[in-house]
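Working notes for the structure below.
The values are calculated or read from the model by the stated rules, or taken from the named source; none is laboratory data. Model, not experiment: these values are computed from the prediction. Cβ: placed from backbone, ideal geometry, glycine included. Neighbour counts: every protein chain shown. Ligands, DNA and RNA are stripped out before the accessible areas are found, and what is left, the full protein with its side chains, is counted by its heavy atoms. Shrake-Rupley method; radii C 1.70, N 1.55, O 1.52, S 1.80 Å.
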Amino acid sequence: MTARETIVILDFGSQYTQLIARRVREAKVYSEILPFNATWEEIASREPKGIILSGGPDSVFDSGSPHPHPAVYDFKGPLLGLCYGMQLLAHHFGGKVQRSHRREYGRAPLEHAGTSELFHGLPRKMDVWMSHGDHIDCVPCGFSIVASTPTAVAAMEDSSRKIYGLQFHPEVIHTPRGTELLHNFLFRICGCRGEWTVSSFIREAENKIHAQVGESHAVCALSGGVDSTVAALLVHRVLGDRLTCIFVDNGLLRAGEFEQVLTTFREELHLNVRGVNAQERFLTRLAAVEDPEQKRRVIGEEFIRVFEEEAHRAGRVEYLVQGTLYPDVIESVSVRGPSAVIKTHHNVGGLPEKMHLKLVEPLRELFKDEVRNVGRELGLPEEFVIRQPFPGPGLAVRILGEVTESRLQLLRCADRIVEQEIRAAGLYPKIWQSFAVLLPVKTVGVMGDGRTYENVVAIRAVHSQDGMTADWVPLSYELLGRLSNRIVNEVRGINRVVFDITSKPPGTIEWE
Ligand code: XMP
């Protein structure tokens, strides 16, 4: 088997680093983000066809500014520096970078000389998205300026050494021809073939799982979400019934969800699944718990107990399958260190150590949309592929204050209406998440001839790429009106509906 074509992206802290990786992968070339200070061994072990140095917020003049391992500059293959990455190249090879204390952002008209492979096939004049603090005054010896904007050197290169720099961002949509530019780098300069596809990924993943797990047994906690399901499906292809899946009803699922999902797992996907009804155990432990983090802790601990008991019934198990995705992996190695814990999301944290299980994480290299494509290829029904994410602690973090059976019932009814109406409006697959939240306040209302004093539900709908940031969705007044009418009329116990218009940041997606 030939080695997989890889482009290494060194992360100097740009907000666009993940976007560069996605653009490269969209061109069917596998890309991997490594921290800026990755050792040369780490980089070389990927046998990169090219290396991209990302942008970043620093100035090459700052003490403590991030620099790559020096061997990167001697790399024999193509190097492409973007923004800060370009300044690093200019600085290192002896050019003159001019310090500036003001950052300039925005669209700029670029003109290129028509000599560079990077701009092959592109119009001589085009708009690009600039973002620069420092700029290049004088390119290093051996380099030439191949494109400019009215105020800056936009691109430089030393084609004999295959070193390229762009002062703008080809990866963002505001650079309309940016994708072609990146393709030129990948295919004309790095000589990539673009053979990284969903089916090649699946083949490689199967080989790796086989090599790792051999004849042993594995368990997998299914959450009902697409990540754990696709991870289980991949491992199931190699292990068959040596994989035992466990799907726990913690009493915090949505209306009808446990039965529906269990049926899909068993009858359509033919997974070997134990469905565990543990509703009472969870609700008993949640009694009187109001603090959001305490809720997560209680649910996480109880989950581990239930899972451990069930896994023991599966016999001698050595491996735990998890649907960890690429953004979780890169977040933990990012330049600025692990981001501050805002919410404790890892519901099964501590499980592998406690049970002495080794981890199998077949999706560690993939972004969410890539996981969905793998799911499709593995025969996951479309309905399941497009399921919106749902948090591990379930409705518990959407019931503010104490979680009780009666409040769960209220929220389930309201939430079902939100889902029905969002689907009916054709919005369900276009929205990252849409749901109802039950608030811990009562308000006065009037229904028929009588006064009511009942609960308030908030509707939340957000667009997001990965859950890290989000924008609220401007649902139409008509749809909001229908939601409000139906919830107040159909759910006894709710007399007021409000709509959340907070983005993330400063809000979070869930209310707890
Ligand atoms: P927040 O609320 O932090 O949510 O903006 C970001 C994404 O993560 C989901 N979420 C969770 N997922 N366990 C999970 O598995 C959790 O405790 C948890 N809290 C939030 C949330 O639904 C959104 O997709």
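Every listed requirement among (1) open to solvent by 10 Å² or more (accessible area, probe 1.4 Å); (2) not in a loop (DSSP other than H, G, I, E, B) is met by residue 28 save one, (2).
Scanning the range 275-301 for residues that are charged (D, E, K, R) and without any contact (Cβ under 8 Å) to a residue 40 or more places away in the chain yields 280, 281, 285, 291, 301. The numbered conditions (1) assigned to a helix (DSSP H, G or I); (2) closer than 22 Å to residue 293 by Cα; (3) within 16 Å of the ligand (Cβ to nearest atom) are all true for residue 438 except (1).
Taking the condition of being in contact (Cβ under 8 Å) with a residue 60 or more places away in the chain, open to solvent by 10 Å² or more (accessible area, probe 1.4 Å) and not aromatic (Phe, Trp, Tyr), how many residues in the range 1-24 meet it? Selection size over the range 1-24: 9.
Listed here are the residues, each with its yes/no results for (1) outside the structural domain of residue 24 (by TED's automatic domain parsing); (2) under 30 Å from residue 415 (Cα atoms).
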position: 184; (1), (2): no, no
position: 235; (1), (2): yes, no
position: 240; (1), (2): yes, no
position: 247; (1), (2): yes, yes
position: 252; (1), (2): yes, yes
position: 258; (1), (2): yes, yes
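Which one is nearest to the ligand (Cβ to nearest atom), of the residues in the range 203-221 that are touching a strand residue (DSSP E or B) at 6+ places or on another chain (Cβ under 8 Å) and open to solvent by 10 Å² or more (accessible area, probe 1.4 Å)? Taking the candidates together, the pick is 221. Filtering the range 431-443 down to residues that are open to solvent by 30 Å² or more (accessible area, probe 1.4 Å) and either under 16 Å from residue 483 (Cβ atoms) or without any contact (Cβ under 8 Å) to a residue 24 or more places away in the chain (or both), which residue is farthest from the chain's Cα centre (by Cα)? Residue satisfying both the conditions and the ranking: 442.
Of everything listed in (1) open to solvent by less than 80 Å² (accessible area, probe 1.4 Å); (2) assigned to a loop (DSSP other than H, G, I, E, B); (3) out of contact with any Lys or Arg (no Cβ under 9 Å at 6 or more places or on another chain), the single unmet condition for residue 89 is (2).
Selection within the range 474-492: residues that are assigned to a loop (DSSP other than H, G, I, E, B) and surrounded by fewer than 17 Cβ atoms within 10 Å (Cβ to Cβ). The member of this set that is farthest from the ligand (Cβ to nearest atom) is 492.
Reported count of residues in the range 366-395, each being in contact with a Phe, Trp or Tyr (Cβ under 8 Å, 6 or more places away or on another chain) and among the hydrophobic types (A, V, I, L, M, F, W, C), is 4.
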